[in-house]
């Protein structure tokens, strides 16, 4: 087994164990629910198995997760990331600061803290089709234009809109404005 395969096998082993424990399932329970022999479940969970795609699908379905979640690097239960270590980009000659707030990527989701200096403007790129964007202001007064409509938000206000629409942000106050942006891809049937 090459190094990359060994790493993925360790991830699968740990994730399978953790997901099973969270659901209060024994290996026998998982075997019965997935239709995979218990010895195979034990072999995969020990890290020495090389499961077929068919078995990965069965395990993922039995645990109610995606195959990606089974194979991804296990998430740390508690993770502290200091503000200076968060990924930050600046735009518009420094008038806009965007900070990513997810230490581990979650497919189809982004969470960012955005700060605009007085007079600062930012054009938001349309997101994936069927996505939703949620904006809540934590400081200042924000103007958002979405699909030809303009909205004024103050601290604590929330605006939800289709993320695939053209949108623009503007600081119309005298001080800095800060807001949180959450973008989530939604299954087609969920909209």
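Assorted remarks:
- Across segment 2-68, Cα pairs under 8 Å and at least six residues apart give a relative contact order of 33 percent.
- Note on 176, 58: ascending count of other Cβ atoms within 10 Å places them as 176, 58, the fewest first.
- Mean separation of Cα contacts under 8 Å, 6 or more apart, over the residue count of segment 83-190: relative contact order %: 32 percent
- Here the alpha carbons of segment 1-74 define both size measures, Rg and Dmax, at 11.0, 33 Å.
- Over the chain, dividing the summed -39,500 (n - 2.57) contributions of all DSSP H runs of at least 4 residues by the number of residues returns a 222 nm mean residue ellipticity of -8000 deg cm²/dmol.
- With Cα atoms, 0 to 90° folded angle of helix 53-63 axis to the chain main axis: 70 degrees
- Ranked for footprinting exposure by Cβ neighbours inside 10 Å, fewest first, 75, 97 give 75, 97.
- Per residue, the average separation of C-alpha pairs within less than 8 Å and at least 6 apart gives the chain a relative contact order of 18 percent.
- Neighbour counts of C-beta atoms inside 10 Å place 25, 109 in the sequence 109, 25, starting with the fewest.
- Helix 3-22 and the longest principal axis of the C-alpha atoms of the chain enclose an angle of approximately 90°.
- Note on the chain: GNM, Cα springs under 10 Å; of 80, 158, 122, the largest mean-square fluctuation is that of 80.
- Top of 104, 29, 164 by mean-square fluctuation, Gaussian network on the chain, Cα under 10 Å: 29
- Candidates 127, 43, 168, ranked by Gaussian network fluctuation over the chain, Cα under 10 Å, top entry: 43
- For segment 44-79 versus segment 127-176, the gap between their alpha-carbon centres in whole angstrom: 37 Å
Every number in this text was worked out from the coordinates using simple rules, so none of it is lab data. Predicted model only: the values in this text are computed from it and were never measured. Here the Cβ is made from the backbone with ideal geometry for all residues, glycine too, and neighbour counts use every protein chain on show.
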